[in-house]
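**Q** Would you mind keeping the following structure in view while I ask a few things?
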Amino acid sequence: MNHSIRKATASDIRSISELAHEVWPKAYADVITTEQIHFMLEWMYSSSSLEQQLKTGIEFLLAEDKEGHLLGFAAYRCLESTHWKLDKLYVRSNLQMKGIGKQLVKHVMAGIKQAGGTHLEFQVNRRNKAVGFYQRIGFHILREEDFDIGHGFYMNDYIMGCPIQ
(Lines give C-alpha, C1' and ligand atoms only; values in the text may rest on other atoms or scores of the structure.)
Protein backbone atom coordinates (compact mmCIF):
# COMPACT_ATOMS: atom_id res chain seq x y z
CA MET A 1 0.00 0.00 0.00
CA ASN A 2 1.39 3.40 -0.94
CA HIS A 3 1.36 5.73 2.05
CA SER A 4 3.45 8.33 3.81
CA ILE A 5 4.08 9.02 7.48
CA ARG A 6 4.28 12.48 9.00
CA LYS A 7 4.23 14.19 12.37
CA ALA A 8 0.78 15.32 13.51
CA THR A 9 -0.10 18.88 14.46
CA ALA A 10 -3.00 20.40 16.39
CA SER A 11 -4.93 20.66 13.11
CA ASP A 12 -5.00 16.82 12.97
CA ILE A 13 -6.80 16.35 16.30
CA ARG A 14 -10.24 15.91 14.77
CA SER A 15 -9.01 13.24 12.31
CA ILE A 16 -7.21 11.34 15.08
CA SER A 17 -10.34 11.41 17.26
CA GLU A 18 -12.57 10.27 14.39
CA LEU A 19 -10.28 7.35 13.53
CA ALA A 20 -10.13 6.26 17.18
CA HIS A 21 -13.93 6.36 17.41
CA GLU A 22 -14.13 4.24 14.25
CA VAL A 23 -11.52 1.64 15.26
CA TRP A 24 -12.06 1.21 18.99
CA PRO A 25 -15.59 -0.30 18.96
CA LYS A 26 -14.42 -2.99 16.52
CA ALA A 27 -10.99 -3.60 18.06
CA TYR A 28 -12.26 -3.92 21.62
CA ALA A 29 -15.74 -5.42 21.14
CA ASP A 30 -14.61 -8.81 22.49
CA VAL A 31 -12.12 -7.39 24.97
CA ILE A 32 -13.88 -4.79 27.16
CA THR A 33 -17.47 -3.63 27.66
CA THR A 34 -19.16 -1.07 25.44
CA GLU A 35 -19.37 1.21 28.49
CA GLN A 36 -15.63 0.99 29.05
CA ILE A 37 -14.96 1.66 25.35
CA HIS A 38 -17.05 4.86 25.53
CA PHE A 39 -15.38 5.93 28.79
CA MET A 40 -11.87 5.40 27.43
CA LEU A 41 -12.60 7.10 24.11
CA GLU A 42 -13.77 10.22 25.95
CA TRP A 43 -10.83 10.01 28.35
CA MET A 44 -8.12 9.62 25.69
CA TYR A 45 -9.58 10.83 22.38
CA SER A 46 -11.73 13.87 23.09
CA SER A 47 -10.40 17.03 21.42
CA SER A 48 -9.36 18.49 24.77
CA SER A 49 -7.52 15.30 25.77
CA LEU A 50 -5.67 15.10 22.44
CA GLU A 51 -4.76 18.82 22.66
CA GLN A 52 -3.32 18.24 26.12
CA GLN A 53 -1.37 15.19 24.95
CA LEU A 54 0.24 17.19 22.15
CA LYS A 55 1.07 20.05 24.54
CA THR A 56 2.77 17.69 27.00
CA GLY A 57 5.15 16.34 24.36
CA ILE A 58 3.44 13.20 23.16
CA GLU A 59 4.47 12.80 19.53
CA PHE A 60 1.79 11.61 17.09
CA LEU A 61 2.69 10.12 13.72
CA LEU A 62 0.08 9.78 10.98
CA ALA A 63 0.03 7.32 8.09
CA GLU A 64 -1.79 8.82 5.10
CA ASP A 65 -2.58 7.77 1.56
CA LYS A 66 -1.66 9.88 -1.48
CA GLU A 67 -4.84 11.94 -1.11
CA GLY A 68 -4.07 12.75 2.53
CA HIS A 69 -6.67 10.40 4.07
CA LEU A 70 -5.70 9.11 7.50
CA LEU A 71 -4.95 5.38 7.48
CA GLY A 72 -3.60 5.02 10.99
CA PHE A 73 -1.63 6.70 13.75
CA ALA A 74 0.88 6.11 16.50
CA ALA A 75 1.74 8.16 19.58
CA TYR A 76 4.82 7.90 21.78
CA ARG A 77 6.70 9.74 24.51
CA CYS A 78 9.85 9.68 26.60
CA LEU A 79 9.49 8.11 30.04
CA GLU A 80 13.05 8.72 31.22
CA SER A 81 16.12 9.47 29.09
CA THR A 82 16.59 6.15 27.26
CA HIS A 83 13.19 4.55 27.97
CA TRP A 84 10.20 5.44 25.82
CA LYS A 85 6.55 4.40 25.68
CA LEU A 86 4.31 3.71 22.71
CA ASP A 87 0.97 5.10 23.88
CA LYS A 88 -1.15 4.40 20.81
CA LEU A 89 -1.08 2.42 17.58
CA TYR A 90 -4.23 2.14 15.49
CA VAL A 91 -4.91 1.40 11.83
CA ARG A 92 -8.29 1.44 10.10
CA SER A 93 -9.88 -1.99 10.50
CA ASN A 94 -10.15 -2.63 6.75
CA LEU A 95 -6.44 -1.77 6.27
CA GLN A 96 -4.94 -3.96 8.98
CA MET A 97 -2.37 -6.59 7.97
CA LYS A 98 -1.09 -4.41 5.11
CA GLY A 99 2.11 -3.26 6.83
CA ILE A 100 0.87 0.16 7.97
CA GLY A 101 1.16 -0.57 11.70
CA LYS A 102 4.61 -2.09 11.21
CA GLN A 103 5.74 1.02 9.30
CA LEU A 104 4.40 3.29 12.03
CA VAL A 105 6.33 1.31 14.66
CA LYS A 106 9.51 1.52 12.55
CA HIS A 107 9.12 5.31 12.35
CA VAL A 108 8.54 5.51 16.10
CA MET A 109 11.68 3.45 16.73
CA ALA A 110 13.72 5.61 14.35
CA GLY A 111 12.59 8.75 16.18
CA ILE A 112 13.43 7.22 19.55
CA LYS A 113 16.86 6.06 18.36
CA GLN A 114 17.60 9.53 16.99
CA ALA A 115 16.71 10.98 20.42
CA GLY A 116 19.09 8.56 22.16
CA GLY A 117 16.47 6.08 23.30
CA THR A 118 17.37 2.43 23.78
CA HIS A 119 14.12 0.81 24.90
CA LEU A 120 10.45 0.99 23.89
CA GLU A 121 7.57 -0.42 25.88
CA PHE A 122 3.79 -0.22 25.84
CA GLN A 123 0.62 -1.64 27.35
CA VAL A 124 -1.76 -3.91 25.48
CA ASN A 125 -4.86 -5.60 26.84
CA ARG A 126 -4.10 -9.26 27.55
CA ARG A 127 -7.15 -10.32 25.49
CA ASN A 128 -6.28 -8.11 22.49
CA LYS A 129 -5.46 -10.10 19.35
CA ALA A 130 -2.80 -7.46 18.55
CA VAL A 131 -0.50 -9.18 21.11
CA GLY A 132 0.46 -11.61 18.33
CA PHE A 133 1.24 -8.73 15.94
CA TYR A 134 3.58 -7.14 18.47
CA GLN A 135 5.34 -10.46 19.11
CA ARG A 136 5.83 -10.98 15.36
CA ILE A 137 7.57 -7.61 15.04
CA GLY A 138 9.98 -8.28 17.91
CA PHE A 139 8.27 -7.29 21.15
CA HIS A 140 8.22 -9.49 24.24
CA ILE A 141 5.89 -9.66 27.22
CA LEU A 142 7.75 -8.16 30.18
CA ARG A 143 5.01 -8.45 32.81
CA GLU A 144 1.27 -8.28 33.52
CA GLU A 145 -0.34 -5.30 35.24
CA ASP A 146 -3.87 -4.25 36.15
CA PHE A 147 -4.70 -0.53 36.19
CA ASP A 148 -7.73 0.95 37.94
CA ILE A 149 -8.80 3.76 35.59
CA GLY A 150 -11.83 4.82 37.60
CA HIS A 151 -15.60 4.43 37.32
CA GLY A 152 -15.22 0.70 38.06
CA PHE A 153 -13.10 0.08 34.95
CA TYR A 154 -9.74 -1.68 34.75
CA MET A 155 -7.11 -2.13 32.10
CA ASN A 156 -5.78 -5.70 32.34
CA ASP A 157 -2.62 -5.38 30.30
CA TYR A 158 0.63 -6.92 29.29
CA ILE A 159 3.58 -4.58 29.41
CA MET A 160 5.54 -5.42 26.28
CA GLY A 161 8.93 -4.14 25.31
CA CYS A 162 11.71 -4.18 22.78
CA PRO A 163 15.26 -2.84 22.67
CA ILE A 164 15.87 -0.16 20.05
CA GLN A 165 18.53 -1.40 17.63
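**Q** Among the candidates GLU67, GLU144, GLU80, single out the residue that is charged (D, E, K, R) and within 22 Å of ALA10 (Cβ to Cβ).
**A** Working: GLU144 fails: within 22 Å of ALA10 (Cβ to Cβ); GLU80 fails: within 22 Å of ALA10 (Cβ to Cβ).
Going through GLU67, GLU144, GLU80 in turn, just one is charged (D, E, K, R) and within 22 Å of ALA10 (Cβ to Cβ): GLU67.
**Q** Only residues that are surrounded by fewer than 17 Cβ atoms within 10 Å (Cβ to Cβ), more than 19 Å from SER4 (Cα to Cα) and small (Gly, Ala, Ser): list them for the stretch 94-118, please.
**A** Across the stretch 94-118, the qualifying residues are ALA115, GLY116.
**Q** Out of the residues in the stretch 1-18 that are among the β-branched types (Val, Ile, Thr) and closer than 22 Å to MET97 by Cα, state the one that is surrounded by the most Cβ atoms within 10 Å (Cβ to Cβ). If you could, list the steps in order and put the result at the bottom.
**A** Step one: filter the stretch 1-18 for residues among the β-branched types (Val, Ile, Thr), giving 5, 9, 13, 16.
Of the ones still in play, those that are also closer than 22 Å to MET97 by Cα are 5, 16.
Values: ILE5: 19, ILE16: 22.
Here the residue is ILE16.
Rundown of residues vs (1) aromatic (Phe, Trp, Tyr); (2) buried (at least 17 other Cβ atoms within 10 Å of the Cβ); (3) in contact with a helix residue (DSSP H, G or I) (Cβ under 9 Å, 6 or more places away or on another chain), yes/no style:
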position: ARG92; (1), (2), (3): no, yes, yes
position: LEU120; (1), (2), (3): no, yes, yes
position: VAL124; (1), (2), (3): no, yes, yes
position: ILE137; (1), (2), (3): no, no, yes
position: ILE159; (1), (2), (3): no, no, no
position: PRO163; (1), (2), (3): no, no, no
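**Q** Further question on the same structure: Which residues, taken from the stretch 61-74, are touching a residue at least 40 places away in the same chain (Cβ under 8 Å) and either closer than 21 Å to ASN128 by Cβ or small (Gly, Ala, Ser) (or both)? Even if it seems obvious, please write down each step before you answer.
**A** Initial filter on the stretch 61-74 (touching a residue at least 40 places away in the same chain (Cβ under 8 Å)): 61-66, 70-73.
Those that are touching a residue at least 40 places away in the same chain (Cβ under 8 Å) and either closer than 21 Å to ASN128 by Cβ or small (Gly, Ala, Ser) (or both): LEU61, ALA63, LEU71, GLY72, PHE73.
**Q** Only residues in the stretch 31-60 that are over 22 Å from VAL131 (Cα atoms) and assigned to a loop (DSSP other than H, G, I, E, B) count as the first member; pair them with residues that are aliphatic (A, V, I, L, M) and modelled with pLDDT of 95 or more, Cβ under 6 angstrom, at least 6 apart or cross-chain, and list the lot.
**A** Short answer, once both residue conditions are applied: ILE58/ALA75.
**Q** Okay, moving on. So HIS107 clears everything in (1) under 22 Å from ILE13 (Cα atoms); (2) assigned to a strand (DSSP E or B) except one condition, right? Which one?
**A** (2)
The values are calculated or read from the model by the stated rules, or taken from the named source; none is laboratory data. Just so you know, these numbers come straight off a predicted model, no measurement behind them. Methodologically, a virtual Cβ is constructed for each residue, glycine included, from the backbone with ideal geometry; neighbour enumeration extends over all protein chains shown.
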